[in-house]
């Protein structure tokens, strides 16, 4: 008997079940509004994610509370209970303070720029390691459209990939399907930023003669009309000029970390070719220094 | 659980579990354990179903969950279906040769499947994508297996509560047990 008893029927069956997904690979997902039949699925999964996010915030509070208490000597049971209660309240307050600080920063940013935004909360991340997307709690009803820019006060997050009524999927700048028009801030050398992995992207199509160095800041060019001009994308970490060829390979680390994103802005109207206000640029430079 | 009463409910139960686990990883895991690689526990439900359920039911599970999971990933649906179908075939063949009851079998197959999932994704990406996967993140894959090992008692507990991992499952598929 062979390893796996096969007859003609089984062979045909195997071929059919393998050919269908191969054909489906060529059916590229079209960016834009979610198809009608996907809407209920989107509703169920995003509702679950929303529920989980609320739950995880509570867990985070409790976990940090536990870590804070590890080094405290317990004098007596009453005091311990009292301290625990107070600590729990403090953690909650700390969470509120941090959130308040984040939101204040976002509000300052919103008020000091001419760009039209809508703020949204991140409720989910991509479940497959090889991709980098986010799910946010705002969609078509908030005026979000496919392709719009997604940013934080620190820098570029990505673009809107698909939209539903109350939810959207964001393609992060580190995803391999992303490409953004960008320039090197110092020398204005222009290229296309493409995602590589969860922590890295690359600046492509730079000419070999273009001046790029480690530590250079890569910003949005503004030519795509989606992102505000001069908004930070990433910092150059590696420049590779081979002895042949007309281009060079430049690796970037995104300014916005792949983790800890909780709130983001979707740019409704980028005010094409409008350079960021001086005030904002100074804020960004200050943050980098800090 | 009583097998006769639940026979028609295994598929919807497994689909619901895949959604629950995937949403858990998407919303909670990356929020709290951001420094740890997520163990893809949604995939382990499919692996378990491939061990204990007949091929046709597994195919329905694979197609339906791949469709639903499109709301939580940008991975093309063709990739998802192809990789999981190959995994199912692998598990079915593997099971005809080697099978033992218990959690260790599930853990072993799951770790192997995680590795195959990533290798197949790498392979498909290099063939079909313009900007294929750049890094082979072997350390992260290993990390995923380790985090799965930590979570496996809970995952196995839930899955085996729904449908125990028993030798008798082989008879349902009409396969012969070797070794």
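Tabulated results
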| read-out | value |
| --- | --- |
| Residue pairs meeting the criteria (Cβ under 7 Å; at least 6 apart or on separate chains; first closer than 13 Å to residue A:60 by Cα, in segment A:83-100; second assigned to a helix (DSSP H, G or I)) | A:88/A:65; A:91/A:61; A:91/A:64; A:91/A:65; A:92/A:61; A:95/A:61 |
| Residue within segment B:148-164 that is modelled with pLDDT under 90 and closer than 16 Å to residue A:196 by Cα present | no |
| Residue in segment B:147-159 that is facing chain A (nearest Cβ under 7 Å) and either touching a strand residue (DSSP E or B) at 6+ places or on another chain (Cβ under 8 Å) or surrounded by 15 or more Cβ atoms within 10 Å (Cβ to Cβ) (or both) present | no |
| Any hit, segment B:19-32, residues being under 17 Å from residue B:86 (Cβ atoms), surrounded by 22 or more Cβ atoms within 10 Å (Cβ to Cβ) and without any contact (Cβ under 8 Å) to a residue 40 or more places away in the chain | no |
| Subset of segment A:238-280 that is within 14 Å of another protein chain (Cβ to nearest Cβ) and surrounded by fewer than 14 Cβ atoms within 10 Å (Cβ to Cβ) - its residue that is modelled with the lowest pLDDT | A:259 |
| Enumeration of residues in segment A:179-194 that are within 9 Å of another protein chain (Cβ to nearest Cβ) and modelled with pLDDT of 90 or more | A:194 |
| Enumeration of residues in segment A:132-152 that are within 30 Å of residue B:137 (Cα to Cα) and surrounded by fewer than 23 Cβ atoms within 10 Å (Cβ to Cβ) | A:147, A:152 |
| Conditions (1) closer than 28 Å to residue B:122 by Cα; (2) in a strand (DSSP E or B): number failed by residue A:131 | (2) |
| Residue A:53 being within 7 Å of chain B (Cβ to nearest Cβ) and either more than 26 Å from residue A:160 (Cβ to Cβ) or at pLDDT 80 or above (or both) | yes |
| Residues being within 22 Å of residue A:20 (Cβ to Cβ) and surrounded by 16 or more Cβ atoms within 10 Å (Cβ to Cβ) - total across segment B:91-115 | 3 |
| Of all residues making up segment A:131-171, the number that are over 20 Å from residue A:45 (Cα atoms), touching a residue at least 60 places away in the same chain (Cβ under 8 Å) and within 12 Å of another protein chain (Cβ to nearest Cβ) | 1 |
| Residue in segment B:100-117 that is within 7 Å of another protein chain (Cβ to nearest Cβ), touching a helix residue (DSSP H, G or I) at 6+ places or on another chain (Cβ under 9 Å), over 17 Å from residue A:127 (Cα atoms) and modelled with pLDDT of 90 or more present | no |
| Residues satisfying the stated conditions in segment B:21-55, i.e. within 7 Å of chain A (Cβ to nearest Cβ) and part of a helix (DSSP H, G or I) | B:22, B:23, B:24, B:25, B:26, B:27, B:28, B:30, B:31, B:32, B:42 |
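The values are calculated or read from the model by the stated rules, or taken from the named source; none is laboratory data. Predicted, not measured: the structure shown is a model, and the values here were computed from it. Backbone-built Cβ (ideal geometry, glycine too); neighbour counts: all protein chains shown.
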